[in-house]
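Asks: Before I ask anything, let me first share the structure, which is written out below as structure tokens.
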Amino acid sequence: MLHGSIVTNDISRAIAGGAGLEETAEEGGLRQFVDAALGLVRRQYLVILIATALALAGAVVYLRITPPTYKATAKILLENPKAQFIQQQSFLATPPVDRAQLENQLVILTAKPIAVSVINKLNLADDPDLTGSNQGLRSLLRNMFAVQASKAPPQSGTEPSDDIITAFQNRLNGAHVGQSNVIEISFYSSNAERASQIANAVTDAYLADQINAKFDASRTATTWLQKRLAELGQQALQSERAVNEFKLRNNMVAVGGSFVDEQQVTELNSRMVIVREQASDALARLNRYQTVIHSNSAPASSRDPALDAPVSDTLSNQIINHLRQQYLEYARRESEWSARLSPNHLAVVDLRAKMNQLRVSIAAELRRLAETSRNDYEIAQQRENAVGKQLASAVEQSQGTNSAELTMRELEMNAKSYRSLYDSFLQQYMRSIQQQSFPLADARVISYASPPQGKSKPKSTLILALGLVCGLALGTAFGLLRDVMDRAFRTTEQVKSALQTTCLALVPLVDYKNSRENISRRQLPDTGTRVLRTIIRGSDTLWTASGMPLSHFAESIRYIKLAINLSSTGTPNKVIGITSSLPNEGKSTIAAAVGECIAQSGARVIVVDCDLRNPSLSAILAPNADAGLLEVLSGQRSPEEAIWRDEKTNLEFLPAVSKSQIAHSSDILSAEATRKLFDTLRASYDYVIVDLPPLTPIVDVRATTPWIDGYILTIEWGRTDIDVVRHALNTAPDVRQSLIGAILNKADMNAIGRYDRSERPYPGYKNKALTAA
């Protein structure tokens, strides 16, 4: 499995590439992301499949144990059924059907009174859907983990329990349709017939609740109106009585819409005007008559004839008119006779005498008329004085009436207001009585619910799809978690990034059974000429390099040999130490295989087992050795007496014979004798391959740095933890400095492509795997 940081970096780079796909397409950002995702699927497909299978199994179990639920839906339309003129006359205002009104009706629809009404009407207190005995998985879980208190069954006629009401409300749903005024009433039940029955019962209960609410509101309004009418009638009657009593107290009598005092003042004003005109006319006539009389009383000789003109004002008087006509006739005669006879003729003088008599008569008549005018004037003055006194009295009385009139007007206004309010409430009361006799709901049924043909939930397709998606998501999450938590080496790129060194080779895990057949087929026949201390060739993995020279394993070993030859450490790499961080990572097998590969090329090579505490390589190649490295170092044997050889490859091997546990093996490896021995081997052989103990458990490897030219670190593929290897190298800086590189051993070549597609084996490669020794 890929190391967590590598996975995270790959995905981050892929996401970054996906964010700017056009700019980073050449760099393969999207491809990296796809490769990382596909690699995760290839690595964790088993986890994903198991999680998906479990999720699908859970979905199937849920569908099997969950009872079907049927949804029945009824539709009602909210509207104002009254005509506009009826709404205007209605005492109770009818609100418009808007969004807020719809929401209010939805709350009323799912409220407790509707639920209680339907439950009692249909006897749903024992319904299994509401009591919880038919809830499938929920009921099972509750029965398994919940502790339920025993509840007494509800008695008939009593209100159902809160649990029953809550369960009913949970199954009841109301929603408005789009932007219309239509409300859908839906009910969920495990029985299709029961679902439609309850939905229709809820619809009827809702309409009945609306009618009852309007009836109650109308009845309350009517009661209040009746009480208010009695109060207003009493107040109006008291106000009218107060007006009448005030009029009586203040002697205020109105005729024709106005008070008597005002009428009297008006009439007296009119009479005063008439009397004053009459007095003025009488005085004018009297003055004229006196002027005429005064003019006619002067001597005839001194009068001017023009003074006769004022007599014309009396033309309306028959006596004066008759005398005036006679006078004019005599004056004409006198003028004619004087001219014809003489001015002093007796006839003329007689005419003049008659004219004087006529003047006297006219003057007397004028004086009589003047005296009559004087009498008329005096009478008119008396009338004027009398009318003036009456007018003054009437005005004085009217002023008192006007001061009281303001109070009376206020009382009359209050009385009219109470009377008008009383009449308005009386009309509303009559309308309310009429509406109360026939209340209308603000909703009507569009369609009642019918039994549904199929179940609404659980939806099998949706549940299975959800189970599939959840299983895939859960499996992917677990797989990603496993990838992130995996700290083992899987790719050569991990070795480079984590250890800052070169990965020399990716050594595959060899199938022990198949390799044994192939090796035995390729071994040289036994000629019976075997020399002493001959390495035993068995069927172990370490002989694969020579037994199967064309295998991937042998090619990987040749990579290691080439890396040793081309190392840029500055000194010739003749003494090569092969170690690992932990035991059982295959370092001994690699040491033997590298020596075997070098020996096949014709070079002189010796493999030295320096793992003094666990000489596993010696147990395989020279199990019968009685002398080895320790005996050579102690001087008991010479190197030639302890070295074993392979007849086929001329590989030489110096074993380590451990007859007891060695506590101070590091002291032996760091001794001067050991250094001198390896100097001798360096001079005698082209390559000295040293099988060293692991780094982490013991310190022996750190003691070999004076005489080791370079180290090769063996890492078990998919097992060795990155932090362990880092810690091992950090605690051995001299080893790190002389490190030629690392190898990934026991790699599963069939799985390597899941982590790094560039390291996939060539087409047609068939890995034959078995744990190496």
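The values are calculated or read from the model by the stated rules, or taken from the named source; none is laboratory data. Values in this document were obtained by computation on a predicted structure and should not be read as measured data. For neighbour counting, all protein chains shown are included, and Cβ atoms are generated from backbone atoms with ideal geometry for every residue, glycine included. Surface accessibility is based on the protein's heavy atoms, side chains included, excluding ligands, DNA and RNA. Shrake-Rupley method; radii C 1.70, N 1.55, O 1.52, S 1.80 Å.
Asks: From the backbone phi of segment 211-227, what are the Karplus-calculated ³J(HN,Hα) couplings (6.51 cos²θ - 1.76 cosθ + 1.60, θ = phi - 60°) in whole Hz, Gly and Pro given as x?
Replies: 5, 4, 5, 5, 5, 5, 5, 5, 5, 4, 5, 5, 4, 5, 5, 4, 5
Asks: Between their Cα atoms, which of 75/214; 75/459; 121/227; 71/214 are more than 29 Å away from each other?
Replies: Working: 75/214 21 Å; 75/459 24 Å; 121/227 37 Å; 71/214 31 Å.
Distance filter (> 29 Å) returns 121/227; 71/214.
Asks: Could you please report the charge total around residue 197, scoring K, R as +1 and D, E as -1 over all other residues with beta-carbon less than 12 angstrom from its beta-carbon? Before the final figure, lay out each step's value.
Replies: Numbers: positive: 121, 194; negative: 127, 193, 204.
Value of the local net charge: -1.
Asks: Further question on the same structure: How charged is the neighbourhood of residue 645? Take every other residue with its Cβ under 9 Å from the Cβ of residue 645, and add Lys/Arg as +1 and Asp/Glu as -1.
Replies: Details: positive: 533; negative: 646, 647, 652.
Its environment carries a net charge of -2.
Asks: Under 5 Å between amide H atoms, partner at least 5 residues away or on a different chain: which partners does residue 739 have, H built in plane at 1.01 Å?
Replies: Amide H neighbours of residue 739, under 5 Å, 5+ apart: 711.
Asks: Quick one: net charge of residue 628's neighbours, Cβ under 9 Å, K/R +1, D/E -1? Could the numbers behind the result be given before it?
Replies: Details: positive: 637; negative: 609, 626, 631.
Result for the neighbourhood of residue 628: -2.
Asks: Taking amide hydrogens as modeled 1.01 Å from N in the peptide plane, which residues meet the under 5 Å criterion relative to residue 70, leaving out close sequence neighbours?
Replies: 189, 190, 191, 456
Asks: Let me ask another. Using a 1.4 angstrom probe on the protein heavy atoms only, line up 752, 293, 50 by accessible area, largest first. All intermediate terms of the calculation are to be shown ahead of the outcome.
Replies: Numbers: 752 0, 293 35, 50 90 Å².
Accessible-area ranking of 752, 293, 50, largest first: 50, 293, 752.
Asks: Considering only protein heavy atoms, what is the solvent-accessible area of residue 746 at a probe of 1.4 Å, reported in Å² to the nearest 10?
Replies: Roughly 20 Å² of residue 746 is accessible to a 1.4 Å probe.
Asks: Taking amide H positions as placed 1.01 Å from N in the peptide plane, with prolines and chain starts having none, which residues 5 or more places from residue 644, or on another chain, fall under 5 Å of its amide H?
Replies: Excluding prolines and chain starts, which carry no amide H, the hits are 653, 654.
Asks: Quick one: how many Å² of residue 472 are accessible to a 1.4 Å probe, rounded to 10?
Replies: 80 Å²
Asks: Then there's this: Starting with the highest mean, order 174-180, 578-584 by the number of other Cβ atoms within 10 Å, averaged over the residues of each peptide. Write out the running numbers ahead of the final one.
Replies: Details: 174-180: 12.1, 578-584: 22.4.
So the order, starting with the most tightly packed, is 578-584, 174-180.
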